[in-house]
Amino acid sequence: MIITSRLAIILLLLVCLIWGAEYALVDLAIEVLPTHSFNAIRFAVAALSLLPLLWFSKEKLSPQQHPALIGTGLLLGLLLFIGFYTQTEGLLYTSVSNAGFITGLVVP
């Protein structure tokens with residue numbers, strides 16, 4: 001499939017729309033659930049959705065590679081959790097637009 005500049009712009013706008021809508025949805029969710037519970041559910045769904053990719057992967061890992069993979073995954077997961085936790089907790093103390101702007105400052 002050849003991606004034209006028009007399609008690239010449309011896809012970029014779609015990503016921005018989804019990314020921006022996520023803040024409003026998270027803000028609504030943390031009114032009902034504590035941030036720890038919300039993030040735990042969020043990460044559990046993500047982990048469960050990735051398990052089939054690991055199971056059906058064509059590249060099989062040797063048993064010697066498992067500890068390194070688990071260790072690296074735990075470290076990266078912890079860093080990702082810290083980022084998501086601080087962002088979600090910050091939504092309790094600021095507006096959705098401020099949270100999106102502050103997070104958007106990470107990109108440049």
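Given (1) under 23 Å from Val107 (Cβ atoms); (2) in a loop (DSSP other than H, G, I, E, B), where does Pro63 come up short, assuming only one miss?
Of (1) under 23 Å from Val107 (Cβ atoms); (2) in a loop (DSSP other than H, G, I, E, B), only one is false for Pro63: (1).
Can you go through Thr103, Thr94 and tell me which one is open to solvent by less than 90 Å² (accessible area, probe 1.4 Å) and either small (Gly, Ala, Ser) or at pLDDT below 85 (or both)?
The unique qualifying residue is Thr103.
Name the residue, out of Thr35, Thr4, that is in contact (Cβ under 8 Å) with a residue 40 or more places away in the chain and either more than 24 Å from Leu105 (Cβ to Cβ) or under 18 Å from the mean Cα position of the chain (by Cα) (or both). Don't jump to the end; show me each part of the working.
Numbers: Thr4 fails: in contact (Cβ under 8 Å) with a residue 40 or more places away in the chain.
Result: Thr35 is the single residue among Thr35, Thr4 that is in contact (Cβ under 8 Å) with a residue 40 or more places away in the chain and either more than 24 Å from Leu105 (Cβ to Cβ) or under 18 Å from the mean Cα position of the chain (by Cα) (or both).
Going by what's in this entry, would Glu22 be described as of a type in the set (D, E, K, R) and open to solvent by 60 Å² or more (accessible area, probe 1.4 Å)?
On the way: of a type in the set (D, E, K, R): yes; open to solvent by 60 Å² or more (accessible area, probe 1.4 Å): no.
Against the criterion (of a type in the set (D, E, K, R) and open to solvent by 60 Å² or more (accessible area, probe 1.4 Å)), Glu22 does not qualify.
Within the range 48-57, is there a residue that is open to solvent by less than 90 Å² (accessible area, probe 1.4 Å) and touching a helix residue (DSSP H, G or I) at 6+ places or on another chain (Cβ under 9 Å)?
Taking every residue of the range 48-57 in turn, none turns out to be open to solvent by less than 90 Å² (accessible area, probe 1.4 Å) and touching a helix residue (DSSP H, G or I) at 6+ places or on another chain (Cβ under 9 Å).
Every residue in the range 58-79 that is open to solvent by 80 Å² or more (accessible area, probe 1.4 Å) and either β-branched (Val, Ile, Thr) or in contact (Cβ under 8 Å) with a residue 12 or more places away in the chain (or both), please. Write out each step before concluding.
Just the residues of the range 58-79 that are open to solvent by 80 Å² or more (accessible area, probe 1.4 Å), to begin with: 58-60, 63-67, 69-70, 74-76, 78-79.
Of everything in the range 58-79, just one residue is open to solvent by 80 Å² or more (accessible area, probe 1.4 Å) and either β-branched (Val, Ile, Thr) or in contact (Cβ under 8 Å) with a residue 12 or more places away in the chain (or both), namely Ile70.
What pairs come up if the first residue lies in the range 81-108 and is without any contact (Cβ under 8 Å) to a residue 40 or more places away in the chain and assigned to a helix (DSSP H, G or I), the second is open to solvent by 60 Å² or more (accessible area, probe 1.4 Å) and of a type in the set (A, V, I, L, M), and their beta carbons are under 8 Å apart, counting only those six or more places apart or on different chains?
That search, which allows pairs on different chains as well, returns Gly90/Ile102.
Restricting to the range 80-91, what's the tally of residues that are open to solvent by 70 Å² or more (accessible area, probe 1.4 Å) and either over 13 Å from Arg42 (Cα atoms) or among the charged types (D, E, K, R) (or both)?
2
The values are calculated or read from the model by the stated rules, or taken from the named source; none is laboratory data. This is a predicted model, so every value here is computed, not measured. Backbone-built Cβ (ideal geometry, glycine too); neighbour counts: all protein chains shown. Quick note on the areas: whole protein, heavy atoms, side chains included, nothing else; ligands and nucleic acids left out. Shrake-Rupley method; radii C 1.70, N 1.55, O 1.52, S 1.80 Å.
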